[in-house]
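The values are calculated or read from the model by the stated rules, or taken from the named source; none is laboratory data. Keep in mind it's a predicted model, so treat the numbers as computed, not measured. Because the Cβ atoms are built from the backbone with ideal geometry, glycine has one as well, and the counts that use them run over all protein chains shown. Protein only, heavy atoms only, side chains kept; ligands, DNA and RNA dropped before computing areas. Shrake-Rupley method; radii C 1.70, N 1.55, O 1.52, S 1.80 Å.
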Amino acid sequence: MNAQNLEIRRELIRQARQVIVKAGTRLLTSQEAIAKLVDGIAAIRSRGSRVLLVTSGAVGMGMRALELARRPKELAKIQALAAIGQSRLMSIYEEECRKRGFRTAQLLLTAADLRSRERYLNVMNCINALWEKEVLPIVNENDSVSVDELKFGDNDTLAGMLASITDSQLTIILTTEQGLRERVDGVLGERISVVEKLDDAIRGMAGDTDNSEFSIGGMSSKLRAADIVTAAGEYLWIADGRVPGILEAIFRGEDVGTVFLPRRRRLTGRKRWITFFSKVSGALLVDEGAAKAVREHGRSLLPSGVRFVSGDFKRGDTVEISGPDGVPFARGLVNFEASDCLRICGRHSAEIHEILGPNVDEELIHRDNLTLLTP
């Protein structure tokens, strides 16, 4: 391990005041395995860091309770297994955490809980309140009620989203691989220690680690989580959860797993919600001058630069912004409903007040409510 990579690990550990840990189903095979995971979490907490655990395993625990060898495909059966397994999983976590002097709390989430700004804030406030009481929040997707349109897709993605919500400096995804590995002609090679940029070449190395008998997701889903975390300006670390004391090794800054570096400066909470969670209700096509002002100079979007408006949106809704090439490059909270946007697009400030009245905003989207989709 070169000196630069070592310093990267030491620096991110110094910054890691709030940490997301995600553990997959195949790591949670017994109470003994869960106890070892809790040992690592306790070690992180002893350093003064706040920890949130994203846990899989409810469906797997339900399968073991019913002695099933293969994960069913029917949604209702999966939901039933999650309902059976969730209480069993949490009882083990609570028992092991109490042995180490702290308590747990369970949060079951669907994607809809994060798309609404109000519910998003409620989730964030609940987690912060638990942290203030030194309780370990344990989060899982609400598999017993989730349907496709309400699902995160996998708990790797959920971990990335929770890192964004909680402003956590480090997300650790524990898996059954040593980290991201090089791939040459389809053959896996050496572990990659540090990923500076998530590009197509890196994504091409994401070999499938799925075992559909018990779990979903693979290395590709971990790279999707890395996309979210690094785009918010934070670190993500993939490591082998089967290795004894892996969390302690991470917090000693050892050369284990793969570290993904932030892609840009840290986003504010509001901009994180706009980027990752808000539902897009419309679109604006802007000219090259407006695109450059927003993309390169961090300016607000003015009506004069807008050439086309689509969608049926209201004031405060999220809209995507595309340049002349039609490719979305930003999104933001719009200050006008769609019909008013159509009336003022291409117009200058003085004309806007003549059309809509003197007490309206001059910006179509203020820069504080606008975020770029790519760094």
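Which of the GluC sites (Glu not before Pro) found in the range 52-125 are loop residues per DSSP with 12 or fewer other Cβ atoms within 10 Å of their Cβ? Could the numbers behind the result be given before it?
Values: sites: GLU67, GLU74, GLU94, GLU95, GLU96, GLU118; in loops: GLU67, GLU74.
Hits after loop and neighbour filter: GLU67, GLU74.
What the Kirkwood sum gives for the range 1-143 is a hydrodynamic radius of 16.6 Å, with every pair of different alpha carbons counted. Short-range pairs are left out: with C-alpha atoms under 8 Å and at least six residues apart, the relative contact order of the chain is 15 percent.
For the range 292-332, take N as its residue count and report Rg(C-alpha) divided by 2.2 N^0.38 Å.
On the way: Rg = 10.4 Å, N = 41, 2.2 N^0.38 = 9.0 Å.
Against the empirical 2.2 N^0.38 Å value, I get 1.16 for the range 292-332.
Give the Debye-formula value of log10 I(q)/I(0) at each listed q (0.08, 0.09, 0.12 Å⁻¹), with one equal scatterer per alpha carbon of the chain, two decimals each. Result of the Debye calculation: -0.46, -0.57, -0.93. Pair-distance distribution of the range 188-311: all C-alpha pairs, bin width 10 Å, starting at 0; shares per bin in whole percent are 10, 28, 30, 18, 11, 3, 0. Rounded to the nearest 10 square angstrom, SER193 shows an accessible area of 20 square angstrom against a 1.4 Å probe. Distance from the Cα centroid of the range 49-102 to that of the range 171-193 is 27 Å (rounded to whole angstrom). Compactness check for the range 298-375: Cα Rg over 2.2 N^0.38 Å is 1.03. Sites listed here are trypsin sites (Lys or Arg not before Pro) in the range 1-57 whose DSSP assignment is loop and whose Cβ has at most 15 other Cβ atoms within 10 Å: ARG17, ARG47. Hey, any idea what % of the chain's accessible area is carbon plus sulfur with a 1.4 Å probe? Taking all protein chains in place, the chain shows 47 percent carbon and sulfur surface.
With all protein chains kept in place, the per residue accessible area of the chain amounts to 46 square angstrom at a probe of 1.4 angstrom. Across the protein chains, with a 1.4 Å probe defining accessible surface, the residues ASP361, ASP200 rank ASP200, ASP361 from largest area downward.
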